[in-house]
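Trainee: Supplied in structure tokens, the structure appears directly below.
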Amino acid sequence: MPDKPIFPTPQDAEAAFYDAIEHGKLDQLMQVWAEDEEIVCVHPGGPRLTGYAAIRDVWRRIFEGGVKFRIRLSGQTAMQTPFSAVHTVIEHVSVRDDESQRAPVVATNVFVRGALGWRLVLHHASPAPPETLAEAPKILH
């Protein structure tokens, strides 16, 4: 495998993450993740997966299923410190070539900065309730 790319910003890492999903590229997808046993991935309705091997295995099975996804993002928010970033997005996920099958998903992506740039340490996605898609006022609670 070629050297891992360096993602200079968390936005670059996030763009590479979604691009790899849309193109079904497992190796490129896993290059975005930190190689750490503490990384976590939760798919909508799925269990909490921890560790590089477990996360890679699930993505491998998803891609081997042959479904090609199209993902459009909206409602992005970001909070960043020098060494961490938390992004929230609404993923508008559809099956490529069948836009009628779409599911909005609320996702949180957490990135950390290390010697090789920014890497993903958490992707947590949940089905979006209908009110999430409407513009709601921002309320602190």
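The values are calculated or read from the model by the stated rules, or taken from the named source; none is laboratory data. Keep in mind it's a predicted model, so treat the numbers as computed, not measured. Cβ placement follows ideal geometry from the backbone for every residue including glycine, while neighbour counts extend to all protein chains displayed.
Trainee: Take the residues of the stretch 95-140 that are of a type in the set (Gly, Ala, Ser) and surrounded by fewer than 18 Cβ atoms within 10 Å (Cβ to Cβ): which is modelled with the lowest pLDDT? Quick ask: steps written out before the conclusion?
Mentor: In the first step, residues of the stretch 95-140 are kept if they are of a type in the set (Gly, Ala, Ser); the result is 100, 103, 107, 114-115, 117, 125-126, 128, 134, 136.
Still in the running and surrounded by fewer than 18 Cβ atoms within 10 Å (Cβ to Cβ): 100, 103, 114-115, 117, 126, 134, 136.
Numbers: 100: 62, 103: 75, 114: 94, 115: 90, 117: 96, 126: 95, 134: 53, 136: 48.
Here the residue is 136.
Trainee: Same structure again: Yes or no: the stretch 88-95 includes at least one residue that is among the aliphatic types (A, V, I, L, M), under 20 Å from residue 12 (Cβ atoms), over 15 Å from the mean Cα position of the chain (by Cα) and not in a loop (DSSP other than H, G, I, E, B). Let's see the steps before the verdict.
Mentor: Taking the stretch 88-95 and keeping what is among the aliphatic types (A, V, I, L, M), we get 89-90, 93, 95.
Next cut, under 20 Å from residue 12 (Cβ atoms) only: 89.
Filter again for over 15 Å from the mean Cα position of the chain (by Cα), leaving none.
No, that holds for no residue.
Trainee: Also: For the structure I just gave you, tell me whether residue 77 is under 20 Å from residue 15 (Cβ atoms), exposed (fewer than 14 other Cβ atoms within 10 Å of the Cβ) and modelled with pLDDT of 95 or more.
Mentor: Criteria met by residue 77.
Trainee: For the stretch 1-22, which positions are more than 20 Å from residue 86 (Cβ to Cβ), touching a residue at least 12 places away in the same chain (Cβ under 8 Å) and assigned to a loop (DSSP other than H, G, I, E, B)?
Mentor: 1, 4, 5, 6
Trainee: Moving on to the next point. Assuming residue 70 fulfils every condition listed in (1) basic (Lys, Arg); (2) surrounded by 15 or more Cβ atoms within 10 Å (Cβ to Cβ); (3) within 25 Å of residue 116 (Cβ to Cβ) apart from one, which condition is it?
Mentor: Evaluating residue 70 over (1) basic (Lys, Arg); (2) surrounded by 15 or more Cβ atoms within 10 Å (Cβ to Cβ); (3) within 25 Å of residue 116 (Cβ to Cβ) leaves (3) as the failure.
Trainee: In the stretch 5-25, which residue that is surrounded by 14 or more Cβ atoms within 10 Å (Cβ to Cβ) and over 22 Å from residue 102 (Cα atoms) is modelled with the lowest pLDDT?
Mentor: This residue is 5.
Trainee: For the stretch 39-48, state whether one or more residues are surrounded by 14 or more Cβ atoms within 10 Å (Cβ to Cβ), out of contact with any Ser or Thr (no Cβ under 6 Å at 6 or more places or on another chain) and without any contact (Cβ under 8 Å) to a residue 24 or more places away in the chain.
Mentor: Checked the stretch 39-48: no residue is surrounded by 14 or more Cβ atoms within 10 Å (Cβ to Cβ), out of contact with any Ser or Thr (no Cβ under 6 Å at 6 or more places or on another chain) and without any contact (Cβ under 8 Å) to a residue 24 or more places away in the chain.
Trainee: Could you run through the stretch 60-74 and say how many residues are free of Cβ contacts under 8 Å to residues at least 24 places away in the same chain and either touching a helix residue (DSSP H, G or I) at 6+ places or on another chain (Cβ under 6 Å) or in a strand (DSSP E or B) (or both)?
Mentor: 2
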